[in-house]
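First the structure, in the form of structure tokens, and then the observations on it.
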Amino acid sequence: EKEGYDYFMIKEINEQATAVRNTLTEKSTIQEIIDDLGDISRICFVACGTSFHASITGKYLLESIAGIPTDVILASEFKYSANTLNEDTLVIFISQSGETADSLKALDLANKTSKTLGIVNVAGSAITRRADYVIQTQAGPEIGVAATKTYVSQLTAIYLFAALIADDEKLLEDVYKVPDFIEELLKEVDSIKAMSKKYKFARDFFFIGRGYSYPIALEGALKLKEITYIHGEGYAAGELKHGPLALIDEGIPVVVILPPGENHRKTMSNLEEVKARGADILAVGSKEDERLKLKSDDLFAINDDVNEIIAPLVYIVPLQLLAYYVAVEKGLDPDKPKNLAKCVTVE
Ligand code: F6R
């Protein structure tokens, strides 16, 4: 079933353009849900792990594009804020498996007060049966323990939801271009393989990004931790000088996520702060960013039309590949990380 690939994870990384395309076909279902919901005064995302990172992107989108106040809560912490929900709140559960115990427990609680929506990959799973509304992501079965194609599919559903609520034609247009951008960058894996060889002995990695790039940093760090067992920390770029800068030293790899857009200038100065302390800069940025070429030690360059708003759907791919190739370099099985299960059915 690996169809010639060495592992499911790399097969699934390569299926991401298709996963996004297939999830885009859910547009009319999503429009129907929005019409049925009517006015929503507040949204609350609930999820774990990678699905939680997709939720953070959802918060940024819904607040900035649709102007709806949005919270993001880890499913395992949900009960501490359940008291503030009411019938005007929409609680959105994001889950690949649809069976995660923490999320299910939170769903039962949310169903008592609010409307609930599940964004779920596995058809017929418990969340799809218990939520008021369901958007099915169309990633197909995911075997690798590390979520990859289901993550970009969750994001696709969230972008469609936000763009349709806000009636944002430009955003919709941009999201429809995402599969082509992913296909384009997947042709350039050699530079990532070279980076993995260079950095496989690192003990710590930092990932930094600002705004929409912050959850990309969190997700890049999680992928690295789970399958390579290297300590990876994702930070909001602006938060570095509030503590973690003390850990930056000669030769520490710092992955900087720098798509073109409003936040570029400030993140660039954060890059300079870590560079001045001797960090090795692995940048992900635009092909046309000449300054970044000069400032970084290693650069993965992406089509300049990928702006910072749609970057979460595209810029995560080189970070998944980095984690994958580092794991392979270290002789680890990326499909079966130790201590982890594909579906977490205990609280
Ligand atoms: C990371 C990963 C986990 C899951 C988390 C939630 O690669 O797979 O962090 O994202 O356990 O699982 P679901 O989405 O099935 O609720």
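The values are calculated or read from the model by the stated rules, or taken from the named source; none is laboratory data. Keep in mind the model is a prediction, meaning the values are calculated, not measured. Glycine also receives a Cβ, built like all others from the backbone with ideal geometry; neighbour counts cover every protein chain displayed.
Of the candidates Ala75, Ala82, Ala47, the single residue that is under 16 Å from the mean Cα position of the chain (by Cα) and not β-branched (Val, Ile, Thr) is Ala47.
Regarding segment 16-36, can at least one residue be identified that is under 20 Å from the mean Cα position of the chain (by Cα), surrounded by fewer than 21 Cβ atoms within 10 Å (Cβ to Cβ), among the small types (Gly, Ala, Ser) and not in a loop (DSSP other than H, G, I, E, B)? Checked segment 16-36: at least one residue is under 20 Å from the mean Cα position of the chain (by Cα), surrounded by fewer than 21 Cβ atoms within 10 Å (Cβ to Cβ), among the small types (Gly, Ala, Ser) and not in a loop (DSSP other than H, G, I, E, B). For segment 293-324, a residue qualifies if it is surrounded by fewer than 22 Cβ atoms within 10 Å (Cβ to Cβ) and either modelled with pLDDT under 95 or part of a helix (DSSP H, G or I) (or both), and the qualifying residues are Lys293, Leu294, Lys295. Applying the criterion of being over 20 Å from Thr228 (Cα atoms) and surrounded by 22 or more Cβ atoms within 10 Å (Cβ to Cβ) to the residues of segment 134-144, the residue that is farthest from the chain's Cα centre (by Cα) is Ile135.
Inside segment 69-89, residues that are crowded, with 18+ Cβ neighbours inside 10 Å and away from the ligand (no atom under 15 Å from the Cβ) make up a count of 3. Kindly check whether there is at least one residue in segment 243-266 that is touching a helix residue (DSSP H, G or I) at 6+ places or on another chain (Cβ under 9 Å), of a type in the set (Asp, Glu) and modelled with pLDDT of 95 or more. Looking through segment 243-266, none of the residues is touching a helix residue (DSSP H, G or I) at 6+ places or on another chain (Cβ under 9 Å), of a type in the set (Asp, Glu) and modelled with pLDDT of 95 or more. Criterion first (away from the ligand (no atom under 14 Å from the Cβ), free of Cβ contacts under 8 Å to residues at least 60 places away in the same chain and in a helix (DSSP H, G or I)) does Asp39 satisfy it? So Asp39 does not fit the description; no. Residue count for segment 145-177 satisfying the condition of being within 14 Å of the ligand (Cβ to nearest atom) and either surrounded by 23 or more Cβ atoms within 10 Å (Cβ to Cβ) or among the aromatic types (Phe, Trp, Tyr) (or both): 12.
Selection within segment 90-117: residues that are β-branched (Val, Ile, Thr) and either surrounded by fewer than 21 Cβ atoms within 10 Å (Cβ to Cβ) or part of a loop (DSSP other than H, G, I, E, B) (or both). The member of this set that is farthest from the ligand (Cβ to nearest atom) is Thr113. Across segment 228-262, the qualifying residues are those that are part of a helix (DSSP H, G or I) and without any contact (Cβ under 8 Å) to a residue 24 or more places away in the chain, and the one among them that is surrounded by the most Cβ atoms within 10 Å (Cβ to Cβ) is Glu239. Can we say Val328 is under 22 Å from Lys149 (Cβ atoms), surrounded by 15 or more Cβ atoms within 10 Å (Cβ to Cβ) and over 21 Å from the mean Cα position of the chain (by Cα)? Against the criterion (under 22 Å from Lys149 (Cβ atoms), surrounded by 15 or more Cβ atoms within 10 Å (Cβ to Cβ) and over 21 Å from the mean Cα position of the chain (by Cα)), Val328 qualifies. Tell me, please, whether a residue that is among the charged types (D, E, K, R), surrounded by 15 or more Cβ atoms within 10 Å (Cβ to Cβ) and assigned to a helix (DSSP H, G or I) can be found in segment 336-345. Within segment 336-345, not a single residue is among the charged types (D, E, K, R), surrounded by 15 or more Cβ atoms within 10 Å (Cβ to Cβ) and assigned to a helix (DSSP H, G or I).
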